[in-house]
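A short write-up of the structure that comes next.
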Amino acid sequence: MILLSACGLDEPADNLASTEPVEVRTCESIRDDVIRIAGQNGVNIVKIYEPQTLVDTPDKLDCSGRVLVSSGQEAKLYYRSFKDADGDRLVQYSEQKMD
């Protein structure tokens, strides 16, 4: 069993402000954010396969996929992009389905 769960800010890796229009979030487009946040929490995710959209609203995008970690193990992964009470966009992931 792989225990995967974390949450972090959904921001560009270089932390630079952008004047470009806001990107439309998809389950495919937030995979790199999930991998980055996992790495910051000591989990080396190699790739997220077969991304599927579970919920897609203006404030929340819930997804699932199959994850491969550096040990070679695979697991089902649930991940999301959402706005918190302050209006910040966060990314969260877990092996268990999130409410």
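The values are calculated or read from the model by the stated rules, or taken from the named source; none is laboratory data. None of the values given here were measured: they were computed from a predicted structure. Ideal geometry is used to build each Cβ from the backbone, glycine not excepted, and the neighbour counts take in all protein chains shown.
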Would you kindly identify the strands (runs of 3 or more DSSP E) lying entirely within the range 1-89 that contain at least 2 residues that are at pLDDT 90 or above? 45-56, 60-69, 74-83
Got a number for residues in the range 42-55 being surrounded by 13 or more Cβ atoms within 10 Å (Cβ to Cβ) and over 10 Å from the mean Cα position of the chain (by Cα)? 5
Exactly one of Thr57, Thr53 is under 15 Å from Thr26 (Cα atoms) and without any contact (Cβ under 8 Å) to a residue 24 or more places away in the chain, and that residue is Thr57
If you go through the range 38-50, how many residues are in contact (Cβ under 8 Å) with a residue 12 or more places away in the chain and closer than 17 Å to Ala75 by Cα? 9
Condition check: farther than 23 Å from Val24 by Cβ, at pLDDT below 95 and loosely packed, with under 14 Cβ neighbours inside 10 Å. Does Asp99 satisfy that? yes
